[in-house]
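J.: This is the structure, below, for whatever I ask next.
The values are calculated or read from the model by the stated rules, or taken from the named source; none is laboratory data. Note that the structure is predicted; figures quoted are calculated from it, not measured. Note that each Cβ is placed from the backbone with ideal geometry, even for glycine, and that neighbours are counted across all protein chains shown.
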Amino acid sequence: MYPEFMIAPMREELTRFGVRELRTEAEVDEALVRTPGTTMVVVNSVCGCAAGKARPGVALALQHPVKPDHVTTVFAGADVEATERARGYFTGYPPSSPSIALLRDGKLIYMMERHQIENQEARTIASQLIAAFDKHCVREPVAG
């Protein structure tokens with residue numbers, strides 16, 4: 001576990017863009033299962049690729065007009081139980097941090113793992129997330 005004073009600035013890099021922290025198992029279940037729509041979960045961490053690539057990439061992607069209904073984060077190495085619970089929803093993927101998942105109504109629909117983050121630039125990560133948003137977060141027009 002990392003001391004809170006060390007990771008507080010890393011948490012703030014996402015929360016200042018409106019990303020909601022999930023710090024307990026109950027908050028994860030509420031956000032991922034009981035809240036309808038699309039939800040992005042950023043597994044944040046202290047590593048360099050989170051700092052220089054993942055968090056800036058998420059910040060850029062969130063400027064796009066199409067985005068998930070809900071944007072959340074768990075912090076690996078700090079909110080251990082919440083992180084483990086979130087990873088339990090990432091069916092078929094091993095634990096990875098940082099990582100970014102998109103879920104719809106509790107079901108995984110997109111996953112970006114650490115190996116897809118660590119060798120990319122923030123703008124490339126943002127572009128990949130924007131493509132995922134455009135594919136998975138656009139609502140169907142309601143017939144009138």
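J.: When you scan segment 85-94, do you find a residue that is within 21 Å of Glu113 (Cβ to Cβ), under 11 Å from the mean Cα position of the chain (by Cα) and of a type in the set (Phe, Trp, Tyr), even just one?
T.: No, segment 85-94 contains no residue that is within 21 Å of Glu113 (Cβ to Cβ), under 11 Å from the mean Cα position of the chain (by Cα) and of a type in the set (Phe, Trp, Tyr).
J.: Given (1) assigned to a helix (DSSP H, G or I); (2) in contact (Cβ under 8 Å) with a residue 24 or more places away in the chain, identify the lone condition not met by Ala26.
T.: (2)
J.: Checking the condition over 18 Å from Glu13 (Cα atoms), buried (at least 23 other Cβ atoms within 10 Å of the Cβ) and not small (Gly, Ala, Ser), which residue from Val138, Val28, Val42 passes? Before you say what the answer is, go through the steps one by one.
T.: Working: Val138 fails: buried (at least 23 other Cβ atoms within 10 Å of the Cβ); Val42 fails: over 18 Å from Glu13 (Cα atoms).
On inspection, the qualifying residue turns out to be Val28.
J.: Moving on. Tally the residues that are surrounded by fewer than 23 Cβ atoms within 10 Å (Cβ to Cβ) and not in a loop (DSSP other than H, G, I, E, B), restricting the search to segment 97-111.
T.: Of all residues in segment 97-111, those surrounded by fewer than 23 Cβ atoms within 10 Å (Cβ to Cβ) come to 97, 102, 104-111.
Cutting the leftovers down to not in a loop (DSSP other than H, G, I, E, B) gives us 102, 104, 107-111.
So the count comes out to 7.
J.: Among the candidates Thr35, Thr91, which residue alone is surrounded by fewer than 18 Cβ atoms within 10 Å (Cβ to Cβ), assigned to a loop (DSSP other than H, G, I, E, B) and touching a residue at least 24 places away in the same chain (Cβ under 8 Å)?
T.: On the way: Thr91 fails: touching a residue at least 24 places away in the same chain (Cβ under 8 Å).
Every option except Thr35 fails the conditions.
J.: If you don't mind, there's one more thing I want to ask. Every residue in segment 119-144 that is among the acidic types (Asp, Glu) and at pLDDT 95 or above, please. Steps first, please.
T.: First pass over segment 119-144, keeping only residues among the acidic types (Asp, Glu): 121, 134, 140.
Once the filter is applied, which keeps residues that are among the acidic types (Asp, Glu) and at pLDDT 95 or above, segment 119-144 yields Glu121, Asp134.
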